[in-house]
Structures are given as structure tokens and as C-alpha cells.
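J.: Here it is, the structure in full.
The values are calculated or read from the model by the stated rules, or taken from the named source; none is laboratory data. As the structure is a computational prediction, the values presented were derived from the model and not from experiment. Please note: Cβ atoms are built from the backbone with ideal geometry, for glycine as well, and neighbour counts cover all protein chains shown. Calculation scope for accessible area: heavy atoms of the full protein, side chains included, ligands and nucleic acids excluded. Shrake-Rupley method; radii C 1.70, N 1.55, O 1.52, S 1.80 Å.
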Amino acid sequence: MMTPRLRLQPEALGVGMTSQRVRDRLIERLREGGIRDERVLNAIRTVPRHLFVDEALATRAYEDTALPIGHGQTISQPWVVARMTETLLEQGMLEQGRPRKVLEIGTGSGYQAAILAALGIEVHTVERIGELLRVARKRFRSLGLNVRSKHDDGRAGWAENGPFDGILVTAAAPALVDALTAQLAVGGVLVAPVGGSGAQTLVRLLRREDGGIERTDLAPVVFVPLLSGVLG
Ligand code: SAH
């Protein structure tokens, strides 16, 4: 489980500003930022983030910053990806024998989904912008990652494939979306940014054995908005 299931061709290994040394520096920054889970750090060290942005931005891919991916959207900051992934793993996502199922809303570049898939998680991801999803699917294919994806408004979740052991929402809404919480398995965890365009909070919801929901606020974050409808 420690070795991400990735097919790494020469371009994925990187040179210069995308080299292993540059990636290791990002891992150090994430540690300084309080990320402790070695499985998460290892996945971030291995998944080539520079292949999830435009070539012109590749030299900045290992900075701890969000970057534009077109259509007014961004690839999330590595610290945020690490924190969200760590929150899932804290709930024993990798410890129970069977592959665990995670739903991601907002595929974007595909980077967060790739990190989850590299950890051995069964990933289902939904994106409303068709063009972004097409590019992300190419990335999954060329890295040999098995990710299920669909072009849709993710606010409805993906009920046919649920319930999910984990749900990550990677775009912000003013309030938690009930349809998504409803697709959370018992013992499952949902992580989502909640709030308007200024201040958002990363929130964790846990579905307890008795069906009740426990909420914890994790950190202030900045995400693009969760929007309705689909674009081609
Ligand atoms: N997880 C992405 C982050 C992308 S930014 C990554 O790792 O790169 C958020 C994404 O959410 C954008 O691509 C945006 O188009 C998408 N999005 C916003 N509202 C959505 C909705 N209702 N359903 C599905 N995707 C949505």
C-alpha cells in the first residue's frame, strides 16, 4: 500500500524544476505545515503534479500553491490536498481489507483523484466542465490509474455507486449539500469547504454507527465555488 500504483514514464519523473529534489522540498514544507501521514506524503512525492497543469506552469507545480487550470478553475494547493486526504485516512480508509470507496466532487485537473487512486482507494469523481474532465481522463489513462468519472452536476452525488466510505468536495458551497451527506456510509467521513467567496472553513462530517452526524471544523481554506448545471 505504501507504493503508489503508478506507471511512471520518463516525463513523469521530471527534470530541473520538476525533479525529485524539488518535490522533496515540497514534502518538507508540508511536514512544516503539520502534515504527518507518511502514506499521504509518499503519494504526493510520487504523483507527478507537473503533469496536471499546463506545460507553461510546470516549473511551479511543486510550489505549495493553487494554480490555474483554465475555465476559471484551479488545481488545489498541495497542503489542502494533503489535509483532505489525511482526514480520510484518519478514519481507517486503508485498514479494513476491502478497497474503500471515495466520491470526489470537482475532478478539475484530476490531481486529488490521482492521489487517492495511488493510495489504493476506489475513486469515483464528478466534474461539471466537460473539457476539464476530458483532459483529466487522459491523465488517469497515461498514468495507469483506475478512476471512475462522470460529467455531471456533482451536487447530486453519485447515488448508484454509493454509499461511500469517504466524500471529498473540492469546491465551496455556502452550506453542506444534504444529497451528498445522504450518500455517506456508516462510519464514513465527508470533507468539504463551507462558506461564501471570502472566508471558508474546511469541515469534516462523520456518520456515526447510530446514524447521527458529528461535525468538526478543521481549517480556514479558499476554494472556487460549487456551481450548478453542466458545461460541455
Ligand atoms: N480536485 C480538483 C480541484 C479542482 S477546482 C483538482 O485536484 O484539481 C474545483 C472543481 O470543481 C472545478 O473543476 C469545478 O469545475 C468543479 N465544480 C464546481 N461545481 C461543481 C459541481 N456542482 N459538480 C461537479 N464539479 C463542480
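J.: Whenever you get a sec, compute what percent of the accessible area on the chain sits on carbon and sulfur atoms (1.4 Å probe).
T.: Values: 5290 of 10300 Å².
Carbon and sulfur: 51 percent of the exposed surface of the chain.
J.: Here's another thing I want to ask about it. Can you pull out the trypsin sites (Lys or Arg not before Pro) in the range 1-70 whose DSSP state is coil and whose Cβ has at most 16 other Cβ atoms within 10 Å?
T.: Values: sites: Arg5, Arg7, Arg21, Arg23, Arg25, Arg29, Arg31, Arg36, Arg39, Arg45, Arg49, Arg60; in loops: Arg5, Arg7, Arg36.
The qualifying sites are Arg5, Arg7, Arg36.
J.: Which of the GluC sites (Glu not before Pro) found in the range 81-159 are in a DSSP loop and have at most 11 neighbouring Cβ atoms, other than their own, within 10 Å? Display every interim value, and only then the final one.
T.: Numbers: sites: Glu86, Glu90, Glu95, Glu104, Glu122, Glu127, Glu131; in loops: Glu95.
In loop regions of the range 81-159 (DSSP not H, G, I, E or B), the sparsely surrounded GluC sites (Glu not before Pro) are Glu95.
J.: Name the residues whose placed amide hydrogens come within less than 5 Å of the amide hydrogen of Thr125, ignoring near sequence neighbours (fewer than 5 apart) on the same chain.
T.: Residues meeting the amide H criterion: Glu104, Arg148, Ser149, Lys150.
J.: Hey, another quick one. Want the number for Asp64 to Glu131: 0.36 nm per residue separation, take away the alpha-carbon distance, what's left?
T.: Details: separation 67, 0.36 × 67 = 24.12 nm, distance 2.54 nm.
In short, 21.6 nm is gained.
J.: Using R₀ = 30 Å, calculate the FRET efficiency as 1/(1 + (r/R₀)^6) where r is the Cβ-Cβ separation of Asp210 and Ala179; round to 0.05. Could you put the intermediate results ahead of the total?
T.: Values: r = 22 Å, r/R0 = 0.72.
For Asp210 and Ala179, the calculated efficiency is 0.90.
J.: Pop a pseudo-label 7 angstrom from the Cα along the beta-carbon direction at both Arg141 and Leu231 and give the gap in nm to one decimal.
T.: For Arg141 paired with Leu231, the spin-label model returns 2.3 nm.
J.: For Arg148 and Ala12 in the same chain, what is the full-extension length gain: residue separation times 0.36 nm, less their Cα-Cα distance, in nm? Walk me through the numbers before you get to the answer.
T.: Details: separation 136, 0.36 × 136 = 48.96 nm, distance 2.19 nm.
Gain in length upon complete extension: 46.8 nm.
J.: Pull out a ≥ b ≥ c, the square roots of the eigenvalues of the alpha-carbon gyration tensor of the range 148-229, then state rounded if a/c is under 1.5, prolate if not and a/b is larger than b/c, and oblate in the remaining case.
T.: On the way: a/c = 2.24, a/b = 1.14, b/c = 1.95.
Oblate shape, in that a/c is at least 1.5 and b/c is the bigger or equal ratio.
J.: When DSSP beta bridges are limited to those with both residues in the chain, what percentage is antiparallel, rounded to the nearest 5?
T.: Given both bridge residues lie in the chain, the antiparallel proportion sits at roughly 45 percent.
J.: Which GluC sites (Glu not before Pro) in the range 157-232 sit in a loop by DSSP (not H, G, I, E or B) and have at most 12 other Cβ atoms within 10 Å of their own Cβ? It would help to have the intermediate numbers written out before the result.
T.: Values: sites: Glu160, Glu209, Glu214; in loops: Glu209.
Here the sparse-neighbourhood loop sites are Glu209.
J.: Something else now. In the range 166-232, if the dipole is taken from +1 on Lys/Arg beta carbons and -1 on Asp/Glu beta carbons about the Cα centre, which of Ala175, Val203, Gly229 is farthest to the positive end?
T.: Ranked along the dipole, the leading option is Gly229.
J.: Can you compute the charge dipole magnitude of the range 1-154 about its Cα centre, using +1 on each Lys and Arg Cβ and -1 on each Asp and Glu Cβ, nothing else charged? Give it in debye, rounded to the nearest 20.
T.: Numbers: 24 positive and 19 negative charges, 90 e Å.
It comes to approximately 440 debye.
J.: Figure the gain on full extension for Glu32 and Val186 (residue separation times 0.36 nm, minus the Cα-Cα span) and round it to one decimal in nm.
T.: On the way: separation 154, 0.36 × 154 = 55.44 nm, distance 3.33 nm.
Roughly 52.1 nm would be gained on extension.
J.: If each DSSP helix of 4+ residues adds -39,500 (n - 2.57) and the sum is divided by the residues in the chain, what number results at 222 nm, nearest 500 deg cm²/dmol?
T.: Numbers: 7 runs with 64 residues, N = 232.
That calculation yields -8000 deg cm²/dmol at 222 nm.
J.: Once phi is turned into θ = phi - 60°, what whole-Hz ³J(HN,Hα) does the Karplus curve with 6.51, -1.76 and 1.60 give for every residue of the range 218-231, x standing for Gly and Pro?
T.: Going residue by residue, I get 9, 6, x, 9, 10, 10, 6, x, 7, 10, 9, x, 10, 10 Hz, with x marking Gly and Pro.
J.: Could you tell me the center-to-center distance, by alpha carbons, between the range 127-194 and the range 68-102 in angstrom?
T.: 11
J.: Next question, about the same structure. Over the range 69-221, give the accessible area per residue in Å² for a 1.4 Å probe, as an integer.
T.: I get 37 Å² per residue for this part.
J.: Among Val194, Val126, Val22, which one moves the most in a GNM of the chain with springs linking Cα atoms closer than 10 Å?
T.: Maximum fluctuation in the GNM of the chain, among the listed residues, is at Val22.
J.: Provide, in order from the shortest bin, the percent of all Cα-Cα pairs of the range 69-221 in each 10 Å bin, continuing until the bin that contains the maximum pair distance.
T.: Histogram of Cα-Cα distances, whole percents per bin: 11, 44, 37, 7, 0.
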